[in-house]
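Below is one structure, written out as structure tokens; the observations come after it.
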Amino acid sequence: MRWWSVANLVSNAGTWMQLTVQNLLVLQLTGSAAATGLSLSVQAGPGLVMGLFGGAAVDRWPRKLTAGLSQAVLGLVAFTTAALVATGQLNYGLLMALAAVTGLVATVDGPATALLGNDLVRREDVPSAIAVGSLVHSVGRLGGTALAGVAVGFLGTGAAYAANGVSFLFVAAVIPFLRPVGEALRAPAKSSRATEKAVEAVGAPEEEIGDRARDGLAFFMRRPRLVALAAITGLSAIFGRNYQLTLAVLVTGPLAAGAGAFGTVSSVLAAGGIVGAILAARLRNPSVKLVGALAAAGALLQVFAGLSPSLIVLLVLVLPMSVVESVSDTAGTTVLQTDPPANMRGRVLGVWRSASTVWGLVAPPLLGLLMEVAGARGALVAGGLIIAVAIGAGALLRSRRQITWLAPAPATAVAADYRSVA
């Protein structure tokens with residue numbers, strides 16, 4: 001697990017180097033901000049269309065082999081881009097094609113590497129492993145973004161792609177030496193317990209629970225806790241979380257601070273994410289209820305952040321807001337990766353990738369429209385209230401439904417049931 005964490009830290013730093021430089025590279029080639037946004041959409045697009053099939057492949061193929069090959073292919077794409085940049089042969093069309101290939105391979109690589117990390121620890125330690133992964137992601141993002149500036153300044157844009165290629169090869173070299181725990185090795189494609197859980201969730205006979213992509217979608221849609229988790233996460237992603245947009249406008253607009261002040265806010269957000277990941281490592285058995293409570297708390301903090309009268313007050317609110325959301329994310333990821341039976345987890349993550357791509361594409365324009373109508377303060381306040389009210393209404397509906405189920409049946413119904421049994 002230590003080797004895997006180090007490999008992921010290197011990989012995350014390389015990935016953020018490439019993402020940062022990719023935007024600069026598109027601007028150099030086209031001079032168009034719209035083209036930059038299109039390149040990101042092209043890279044995310046395969047996750048929408050092929051996410052479910054990528055998850056099915058992860059369920060069907062050996063996990064270590066799948067992760068190793070996907071990392072090697074991503075490294076090859078990065079090296080190819082670096083070579084094209086160095087020789088002056090890269091154009092916008094080639095860059096879009098390479099971005100699409102990266103997005104396509106990521107539909108397999110994402111669930112494969114996520115589940116491989118979980119295989120390295122015991123079931124009760126999975127939340128801690130996910131929290132460590134979140135911490136590694138946050139540190140890698142900070143380091144990679146900073147290293148991108150150094151690489152471009154001294155070595156040129158191609159150097160960042162080359163560095164990312166090396167990071168992928170490092171991960172691929174580490175994977176063969178990883179040793180999954182015994183329980184992960186004993187999880188066959190169709191264990192009896194996995195089949196029981198799949199039958200319970202999908203409502204189909206055992207022979208109908210196969211390794212098809214659509215079986216994963218059916219499982220997900222008939223698993224209430226997974227649907228509720230998707231609803232909570234989707235609402236939070238659309239009406240919150242996009243703080244690089246909303247807080248940037250709030251700081252430079254109503255609060256009349258400069259770009260440097262927003263840099264301070266971003267640093268506090270990143271620090272809160274790291275603190276939250278450390279705290280989340282203590283989770284043992286998180287639930288969707290906990291995810292919802294934390295998401296609602298974060299949404300209310302967002303409302304107060306939108307009403308901040310000064311930058312100091314905003315900074316005081318941003319730290320706990322980031323901490324709460326980091327813990328909520330780790331709890332949600334743990335539920336997502338441990339609730340399904342072993343033979344369904346890749347497909348469930350594939351469904352999740354498709355859903356998250358949808359709200360990732362929908363959120364920026366919708367939030368931009370909301371800001372046009374209500375301003376930065378209004379968008380933060382309205383978005384936070386929408387999230388909190390929706391989660392509260394869902395919790396109330398669920399509790400009332402449980403009370404209805406627990407209520408005693410009418411005497412006539414009991415008598416009828418007795419006669420039927422007799």
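Structure notes:
- Of the candidates GLY182, GLY203, GLY210, the single residue that is modelled with pLDDT under 50 and surrounded by fewer than 20 Cβ atoms within 10 Å (Cβ to Cβ) is GLY203.
- For the stretch 356-373, the count of residues that are of a type in the set (Asp, Glu) and touching a helix residue (DSSP H, G or I) at 6+ places or on another chain (Cβ under 8 Å) is zero.
- Among the residues of the stretch 233-269, the ones that are surrounded by fewer than 18 Cβ atoms within 10 Å (Cβ to Cβ) and in a loop (DSSP other than H, G, I, E, B) come to 5 in all.
- Scanning the stretch 120-137 for residues that are open to solvent by 30 Å² or more (accessible area, probe 1.4 Å) and in a helix (DSSP H, G or I) yields a total of 8.
- Of the residues making up the stretch 40-61, not a single one is outside any helix (DSSP H, G or I) and not aromatic (Phe, Trp, Tyr).
- Search result, residues across the stretch 162-178 that are closer than 23 Å to VAL126 by Cα and either modelled with pLDDT under 90 or more than 25 Å from the chain's Cα centre (by Cα) (or both): PRO176, PHE177
- Search result, residues across the stretch 356-370 that are open to solvent by less than 30 Å² (accessible area, probe 1.4 Å) and either under 11 Å from LEU48 (Cβ atoms) or outside any helix (DSSP H, G or I) (or both): THR357
- The residue of the stretch 1-21 that is farthest from the chain's Cα centre (by Cα), among those that are buried (at least 23 other Cβ atoms within 10 Å of the Cβ) and closer than 12 Å to GLY149 by Cα, is VAL21.
- LEU283 modelled with pLDDT under 90, assigned to a helix (DSSP H, G or I), surrounded by fewer than 23 Cβ atoms within 10 Å (Cβ to Cβ) and not small (Gly, Ala, Ser): no
- Selection within the stretch 46-81 - of a type outside the set (A, V, I, L, M), surrounded by fewer than 24 Cβ atoms within 10 Å (Cβ to Cβ), over 22 Å from the mean Cα position of the chain (by Cα) and over 14 Å from ALA213 (Cβ atoms): PRO62, PHE79, THR80
- Residue in the stretch 289-296 that is closer than 26 Å to ALA395 by Cα, assigned to a loop (DSSP other than H, G, I, E, B) and among the charged types (D, E, K, R) present: no
The values are calculated or read from the model by the stated rules, or taken from the named source; none is laboratory data. These figures come from a predicted structure and were not determined experimentally. Cβ atoms come from the backbone with ideal geometry, glycine included; neighbour counts cover every protein chain shown. These area figures cover heavy atoms from the full protein model, side chains too; ligands, DNA and RNA do not enter into them. Shrake-Rupley method; radii C 1.70, N 1.55, O 1.52, S 1.80 Å.
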